[in-house]
Each structure stands twice: as C-alpha cells, then as structure tokens.
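Provided herewith is a single structure, encoded as structure tokens, for subsequent inquiry.
Since every read-out is calculated from the coordinates, none of them should be taken as a lab result. From a predicted model like this one, the values you see are computed outputs, not experimental measurements. Here the Cβ is made from the backbone with ideal geometry for all residues, glycine too, and neighbour counts use every protein chain on show.
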Amino acid sequence: MHDKNASPAPALFTWEFAADPYPAYAWLREHAPVHRTALPSGVEAWLVTRYADARQALADQRLSKNPGHHSESAHGKGKVGIPGERSANLMTHLLNIDPPDHTRLRRLVSKAFTPRRVAEFAPRVQELTDQLIDDFCAKGEADLIHDFAFPLPIYAICDLLGVPPEDQDDFRDWAGMMIRHGGGPRGGVARAVKKMRTYLAELIHRKRENPGEDLISGLIRASDHGEHLTENEAAAMAFILLFAGFETTVNLIGNGTYALLRNPGQRERLQRALAEGDEGLLATGVEELLRYDGPVEMATWRFATQDLTLGGQRIAEGDPVLVVLAAADRDPERFTEPDTLDLARSDNQHLGYGHGIHYCLGAPLARLEGQTALATLLRRLPDLRLAADPEELRWRGGLIMRGLRTLPVEFTACT
Ligand code: HEM
C-alpha cells in the first residue's frame with residue numbers, strides 16, 4: 001500500500017538508520033504504515049508504525065506469539081525469537097505463548113513477582129547504584145554504559161532472583177556476550193543462553209531443596225488452584241525475567257541519560273526539581289524518556305493465525321508482524337510535538353512497555369531502576385557532560401532493542 005507519489009522509501013537497517021531511525025519511521029508512518037520488508041536475517045515481516053495500528057496489533061488475539069505459527073517456521077527455524085532458546089529448551093516462556101497457557105503462567109508468576117516485592121527492593125537498588133558510582137567517582141570520567149547502565153540491571157535482577165553473589169559475575173559475562181552479539185553473529189548468544197540455562201536448572205533444583213525469600217523460591221512456591229510451575233517452566237520463567245529485564249533496562253538508563261545530556265534545558269529542570277525534593281518530574285520524566293527514545297524499538301514477534309486486515313493492509317496467515325514501538329510513540333496523530341522531549345508531558349500513554357496481555361511484567365522494577373539510576377546520577381554528578389561527539393557514538397543496530405554501545409562522559413564534581 002505504498003503511496004506512489006511519495007519520495008523514495010528510506011533504507012532500513014543500515015548504520016545510519018541505527019543511529020537515528022526516526023526520519024525513516026516518519027516516512028513509513030506517512031506513506032506505508034503497514035510495510036512489508038526483508039529483515040537483515042532474511043525473514044520477511046510487516047512493520048507497523050502508526051500508534052493506533054500498533055496499539056490495536058499489540059492487543060489483537062489473531063496475532064499469536066507462538067513461533068510455530070510462522071509460515072516459514074520449518075526453514076526459518078531459529079531466525080525469529082531469542083537466539084539459543086530453542087536448543088536450550090526455553091521456549092515455554094511468556095513472550096512465546098498465547099492464552100490459555102499464557103494466562104496460567106502469567107498468573108503464577110504474578111503471585112511471586114509482586115509490586116510489594118519490587119517496593120521492598122528499592123533500598124538495594126539505591127545501594128547498587130551508589131556502589132557503581134563510587135567505583136568511578138574519583139576518575140572524572142566514565143563510560144556510562146560499561147560502568148553503570150550495564151552492571152546495574154544485571155546485579156539487580158540476580159539479587160532479586162536469588163543468584164548468590166559469588167555467581168553474579170558469571171551472569172555479567174553471559175549477559176555481556178548476549179548484548180555484544182546483539183544484531184551480530186548469533187553463535188555467542190546461543191552459547192551464553194545455554195550456560196545460563198544449565199546454571200538456572202541447577203539453581204532451581206537447589207532452591208527446591210532449600211528455599212529462601214528470593215524470587216526463584218517464590219516461583220517454585222507459587223500455586224494457583226493447586227497448579228505449580230514445572231521445573232522447566234520455572235527455568236524458562238527465570239530466563240525470560242533475566243532476558244527481558246536486562247538489556248531493556250541498560251538501554252533505559254543509557255538512552256535516558258543521553259537524551260538528558262542532549263537536552264540541557266530539560267535536564268536542568270529535572271536537576272532543580274530533584275534538589276527541591278520534588279520527585280514528580282522524575283516519574284513523568286522517565287515515562288517521557290521511554291516514549292522519546294525507548295529501549296524496545298520493536299515489540300517481540302507476532303504471527304498472523306489467519307488472514308486479516310491491519311491499517312488497511314491485508315496480512316496473510318503465517319506472516320510475521322513487528323510492531324514498531326519507537327515509531328508509534330513519535331506519531332503526531334497521538335502526541336503533540338512528538339519529536340520534542342518534555343519531561344512534564346502528562347498525556348503520555350506511550351507503548352514503551354507494550355500493551356494488552358503481554359504488557360511488561362517488569363515495569364514496576366524498570367521504573368524503580370530507571371528513576372533511581374537517573375536521579376542518583378544527576379544528584380551525585382551535577383556537572384555530568386558528554387565526552388564524545390554525538391556523531392561518533394555507535395548504536396547497537398539490533399532489531400528489537402535500541403541502545404548505545406558506549407556513552408563516554410566527564411565530570412569535575414562527584415559527591
Ligand atoms: C514484556 C519493555 C523491563 C520482564 C515487555 C514488553 C515490552 C517490554 C515492550 C512487551 C513485548 C511484546 O508485547 O512483544 C520493557 C522495557 C523495560 C522492561 C522498556 C525497561 C525499561 C523489564 C524488566 C523485567 C521485564 C526489568 C523483569 C525483570 C518482562 C516480561 C515480559 C515483558 C516477563 C513478558 C510479559 C508477557 O508476555 O506476559 N517488556 N521491559 N521487563 N517484560 Fe519488560
């Protein structure tokens with residue numbers, strides 16, 4: 001459904017696109033809002049870029065999360081979803097399943113991963129944040145991805161799950177392999193996933209014998225009408241909590257800090273509010289950072305279970321659909337001045353955490369980590385500055401996630 005009179009379609013998935021995909025998304029929203037394209041993996045998929053269509057697609061039960069519905073699933077094996085999850089027997093997690101299985105598993109995990117558990121975790125997140133800043137405080141410079149945004153979520157989720165401190169650096173290494181290879185060769189990711197799988201299976205076994213107060217013990221204990229998670233389901237659940245909760249939060253902190261450094265007026269406003277003890281702008285501000293340059297560029301895969309029409313475009317049974325959250329959240333039909341960062345934006349029903357039954361389960365934890373990380377950085381490093389030319393910064397260029405490889409900064413004061 002291309003508009004024949006439009007300027008030529010922009011190139012997608014190049015390095016320039018990775019650095020700034022928003023002009024290409026603006027073109028797609030206007031001229032080809034449901035657009036079929038070949039992805040770098042060779043798989044053909046529909047990109048959905050308008051807010052109204054995106055929101056509808058995310059909640060549409062005819063779009064399945066089960067990769068078995070992919071028309072190419074036989075020969076496209078392993079090209080959709082998380083690398084390595086198939087061979088590591090980790091397919092039965094929330095992002096790959098539909099109701100009624102999804103309803104059952106989500107209800108069980110919600111009993112263990114409660115808002116209260118997250119709220120009680122707040123002091124620990126603050127402590128981890130401060131420790132990481134202490135480590136580079138005296139140096140006057142840091143790479144905020146490597147030294148801060150990357151380790152914080154991995155240590156946080158390990159603590160929450162109940163991974164003993166002495167094993168957490170292994171997780172840091174595996175997570176590093178996953179993030180380094182994002183968008184590149186898949187072998188490294190698959191190996192890291194397998195190691196994590198073996199470790200989690202053993203940990204779940206140990207926690208079954210010797211339960212504690214951690215989330216893995218909570219997952220094992222959780223029951224609903226007499227139903228429990230099987231060991232395999234518990235392993236897949238722990239894995240998806242790690243996988244979904246890790247790189248996303250890295251990018252929230254990375255993209256968020258970068259956006260603040262590039263918008264000094266907004267950053268000063270937030271710094272002033274924090275100094276006056278007003279946390280209101282922090283809460284709306286983190287939501288706005290999610291909308292403006294969120295961690296999840298495209299929602300995870302969906303597959304049409306029947307022929308259907310979306311945004312006036314016919315989609316055939318078996319076709320993959322990618323909902324482009326980053327494009328939807330800049331749609332001028334939905335947001336006033338969508339390309340402007342406004343930390344006080346109030347009408348902000350962004351899709352950064354998705355929508356519908358797969359809405360982010362970890363949103364309370366992500367908000368806690370994002371707010372703590374950004375507020376603490378601005379409080380403790382009041383004159384934080386970018387130490388690189390924005391043109392030279394490299395973005396990861398993966399499909400689902402959007403994030404910086406490095407974020408060099410400098411500062412004179414660190415308290
Ligand atoms: C689902 C975003 C952090 C766990 C999702 C989805 C999005 C998202 C967009 C829906 C995907 C889809 O419909 O295809 C984010 C962002 C985060 C974040 C932007 C950080 C800023 C976390 C954290 C955790 C987590 C910290 C857990 C520790 C999950 C899980 C799902 C999910 C388990 C699947 C839910 C389901 O299918 O029912 N997230 N997420 N996320 N997220 Fe997050």
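Ranked by Cβ crowding within 10 angstrom, fewest neighbours first, how are 41, 223 ordered?
223, 41
Continuing with this model, one more query. Can you give the helix-only mean residue ellipticity at 222 nm for the chain, where every DSSP H stretch with n ≥ 4 adds -39500 (n - 2.57) and the sum goes over all residues, rounded to the nearest 500 deg cm²/dmol?
Computed mean residue ellipticity for the chain: -14500 deg cm²/dmol.
Taking Rh as the Kirkwood radius, which is the inverse of the mean 1/r over Cα pairs, what is the Rg/Rh value for segment 232-285?
Across segment 232-285, the Cα-based Rg/Rh ratio is 1.23.
Sum up the charges of everything whose Cβ sits under 15 Å from the Cβ of residue 108, counting Lys and Arg as +1 and Asp and Glu as -1, but leave residue 108 out.
+1
At 20 °C and 1.002 mPa s, grab the translational diffusion coefficient of segment 228-362 from Stokes-Einstein with a Kirkwood Rh over Cα pairs, rounded to a whole number in µm² per second.
Here the translational diffusion coefficient equals 126 µm²/s.
Sort the following peptides by mean Cβ neighbour count (other Cβ atoms within 10 Å, averaged over residues), highest first: 339-352, 154-167, 363-376.
Sorting 339-352, 154-167, 363-376 by mean packing, highest first, produces 363-376, 154-167, 339-352.
How charged is the neighbourhood of residue 275? Take every other residue with its Cβ under 14 Å from the Cβ of residue 275, and add Lys/Arg as +1 and Asp/Glu as -1.
In short, 0.
Pick from 218, 403, 42: which is most flexible by mean-square fluctuation in a GNM of the chain where alpha carbon atoms under 10 Å apart are linked?
Of the options given, 42 has the highest mean-square fluctuation.
Something else: Net charge around residue 219, counting only other residues with Cβ within less than 14 Å of its Cβ (Lys, Arg = +1; Asp, Glu = -1)?
+3
Sort out for me the Cα centre separation of segment 17-83 from segment 97-170, rounded to whole Å.
29 Å
Okay, next question. Please flag any cysteine in the chain that has no other cysteine's Cβ under 4.7 angstrom from its own Cβ.
158, 360
Just from the alpha-carbon atoms, what are the Rg and Dmax of the chain in angstroms?
21.0, 67
Between residue 340 and residue 202, what length comes free when the chain is fully extended (0.36 nm per residue of separation minus the Cα-Cα distance, one decimal in nm)?
This chain segment gains 44.9 nm when fully extended.
In which sequence would 199, 353 go, from the one with the fewest C-beta neighbours within 10 Å to the one with the most?
Ordered by Cβ neighbours within 10 Å, fewest first: 199, 353.
Give the order of 139, 194 when sorted by the count of other beta carbons within 10 angstrom, beginning with the fewest.
139, 194
Set the Förster radius R0 to 41 Å, insert the Cβ-Cβ distance between residue 19 and residue 357 as r into 1/(1 + (r/R0)^6), and round the FRET efficiency to 0.05.
So the FRET efficiency works out to roughly 0.75.
Relative contact order, percent, of segment 15-410 when contacts are C-alpha pairs under 8 Å separated by at least 6 residues?
27 percent
Output the direction-averaged projected area (hull surface divided by four) of the convex hull of the alpha-carbon atoms of segment 207-250, in nm².
With the hull built on Cα positions only, its mean projection is 3.6 nm².
Further, regarding this structure: Provide, for the chain, the number of lysine pairs with alpha carbons under 22 Å apart, each pair being eight or more places apart or on different chains.
9
Can you give the FRET efficiency for residue 101 and residue 386, using 1/(1 + (r/R0)^6), R0 = 30 Å, r = Cβ-Cβ distance, to the nearest 0.05?
0.05
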